[in-house]
Amino acid sequence: MWTSWWLWPLVAICTADEFREQAERIMQGTPVIDGHNDLPWQLLTSFNNQLRDARANLTSLAHTHTNIPKLRAGLVGGQFWSAYTPCDTQNKDAVKRTLEQIDVIHRMCQMYPETFLCVTSSEGIRQAFQEGKVASLVGVEGGHSIDSSLGVLRALYHLGMRYLTLTHSCNTPWADNWLVDTGEDEAQSQGLSSFGQSVVKEMNRLGVIIDLAHVSVATMKAALQLSKAPVIFSHSSAYRLCGHRRNVPDDVLELVNQTGSLVMVNFYNDYVSCRAEANLSQVADHLDYIKKVAGAGAVGFGGDYDGVSRLPSGLEDVSKYPDLIAELLRRQWTEAEVKGALAENLLRVFEAVEQASDHTQTPEEEPIPLDKLEGSCRTTYGYSGAPSLHRPPGTLLASLVPLLFSLYLL
Ligand SMILES: *[C@@H]1O[C@H](CO)[C@@H](O)[C@H](O)[C@H]1NC(C)=O
Ligand SMILES: *[C@@H]1O[C@H](CO)[C@@H](O)[C@H](O)[C@H]1NC(C)=O
Ligand SMILES: *[C@@H]1O[C@H](CO)[C@@H](O)[C@H](O)[C@H]1NC(C)=O
Ligand SMILES: [Zn+2]
């Protein structure tokens, strides 16, 4: 059949639209579950978590990468909202601030019940899919949020935390962060200390997903080896394509494959291209690469929206996911592979984590050694003996307070 040459550009446009339409059709049934979004941090920094402030209305909020119309346009069906508090709160008010960020996520669900459904299980995610709502889960970003306490870890689980990133960009007294690999921080735990191993085991027992974004390579390997259940990287890309230490190196990708774990690709320009500029096609390169090295079952999305200052052209906000899916289809990803990356891989990992959990098992009780704790604001109740040896001035009076208090009670 005769075709005029000037029709070819038209054909190309039609094909592009076809992939976009196919992407939307797939996402109607299998919407994207994203591993990491910092909207709660924006709500804190812009409105001090006052959701009733008219400017904080999530329907019209404009200065963020995320709002309700954008989530709808992006066919986002599940989101791990980040309960994040910066490293400078470590040994200060990290626990309080983490609780407040969990609270603001819960209040988002309460205030916009037609959009968000707060859930805590894989079954809950499927329920939200059916109701056409955004399944909303809590991811706590940074081990400093538990203040070296298994009791706090368990309490956060009860408040809905379903992943914990073992570190943010600072060491905790029990796990090393990625800055150890750049030489900016010193290795303290050589991956995970013995208490860090207890944290991982307790997360397995509870059914909290272990998140290895932000940790050092030694911590990645230690956790991958120790965990009974698969783990995630909630927002990290491929080190081979951009040699930033926040990304996942090839030997770790092998372990990801062997353990059935998951890398949810970060869109931050600096991790995608190692430059200030990046584009959608380069994000697709990371997805292709992780698929090639770790398998199609190991790929997901962790855009880091509202947590970063620079995003690739074509992926400016959460409404753009279908364009990225269209690009994967154009690169001949099968429908099954695309569905895996969108939601099914995360659901598989989450279900395995749930199955490995065991609430009948005895909770781990051994506290972190006192000499591993830092920070002058700490009291040492429960660590008997240790504080009595060399009392700093002032603690004598403090030690009298319980006595006075008990007299008062009498
Ligand atoms: C947000 O604004 C919309 C109109 O743009 C309004 O219908 C809705 O009630 C507001 N929501 C809240 C929680 O204030
Ligand atoms: C994306 O960026 C890369 C590297 O700068 C460039 O080679 C490529 O042509 C760009 N792709 C698109 C679709 O703009
Ligand atoms: C791991 O790699 C094998 C062999 O390439 C592959 O069959 C399997 O699906 C991969 N696992 C995941 C989780 O993708
Ligand atoms: Zn992060």
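Anything over 20 Å Cα to Cα? Flag those among Lys201/Lys221; Lys70/Lys133; Lys201/Lys339; Lys70/Lys320, in the order listed.
Where the Cα-Cα span goes over 20 Å, the pairs concerned are Lys201/Lys339.
Would you look at the GNM of the chain, springs on alpha carbons closer than 10 Å, and say which of Leu370, Leu39, Leu192 moves the most?
Of Leu370, Leu39, Leu192, the Gaussian network model singles out Leu370 as fluctuating most.
Which of rounded, prolate, oblate describes the stretch 97-176, given a ≥ b ≥ c as roots of the alpha-carbon gyration tensor eigenvalues and a/c under 1.5 marking rounded, otherwise prolate only if a/b is larger than b/c?
prolate
Against the empirical 2.2 N^0.38 Å scaling, what ratio does the C-alpha Rg of the stretch 188-330 come to?
Compared with the compact-globule rule of thumb, the stretch 188-330 sits at 1.05.
Considering only Thr64, Thr172, Thr219, give the residue with the highest GNM mean-square fluctuation for the chain, with springs between Cα atoms whenever their separation is below 10 Å.
Looking only at Thr64, Thr172, Thr219, the largest GNM fluctuation is found for Thr64.
Label-point separation (nm) for Ser46 and Thr380, each offset 7 Å from Cα along Cα-to-Cβ?
Label-label distance for Ser46 and Thr380, simple model: 4.6 nm.
Using only alpha carbon positions, build the gyration tensor of the chain, then give the equivalent ellipsoid semi-axes as the square roots of 5 times its eigenvalues, largest first, whole angstrom.
That gives 42, 23, 19 Å for the three semi-axes.
On average, how much area does the Cα convex hull of the stretch 159-249 cover when viewed from any direction, in nm²?
Mean orientational projected area (the stretch 159-249, Cα hull): 5.6 nm².
For the chain, what are the DSSP H helices with axial Cα length of 20 Å or more and mean Kyte-Doolittle hydropathy of at least -0.5?
Within the chain the helices that satisfy the rule are 8-29, 94-111, 280-294, 395-409.
Starting from 0.36 nm per residue, how many nanometres of slack lie between Ala356 and Lys228 once their C-alpha separation is accounted for?
Length gained, Ala356 through Lys228: 45.4 nm.
Once you have the Kirkwood Rh of the stretch 64-219 from its Cα pairs, apply Stokes-Einstein at 25 °C and 0.890 mPa s and quote D in µm²/s.
Estimated via Stokes-Einstein, D reaches 151 µm²/s.
How large is the charge dipole for the stretch 234-386, taken about the Cα centre, if only the Cβ atoms of Lys, Arg (+1) and Asp, Glu (-1) carry charge, to the nearest 20 debye?
Roughly 480 debye, rounded to the nearest 20.
Once you charge only the Cβ atoms, +1 for Lys and Arg and -1 for Asp and Glu, what is the size of the charge dipole of the chain about its Cα centre, to the nearest 20 debye?
The dipole magnitude comes to about 420 debye.
Calculate, in nm to one decimal, what Gln110 and Gln258 gain on full extension: separation in residues at 0.36 nm each, minus their alpha carbon distance.
The Gln110-Gln258 span can extend by a further 49.3 nm.
Would you tally the net charge around Thr64, using a Cβ to Cβ cut-off of less than 11 Å, leaving Thr64 out, and scoring K and R as +1, D and E as -1?
Residues close to Thr64 contribute a combined charge of -2.
Between Ser136, Pro113, Ile232, whose Cα lies farthest towards the positive end of the dipole of the chain when Lys and Arg beta carbons carry +1 and Asp and Glu beta carbons carry -1, centred on the Cα centre?
The residue sitting most towards the positive pole is Pro113.
What ranking do Cys118, Cys109, Cys274 get, fewest neighbouring Cβ atoms within 10 angstrom at the top?
Least crowded to most crowded, the residues run Cys274, Cys109, Cys118.
Values in this text are rule-based calculations from the coordinates and carry no lab data. As the structure is a computational prediction, the values presented were derived from the model and not from experiment. Cβ: placed from backbone, ideal geometry, glycine included. Neighbour counts: every protein chain shown.
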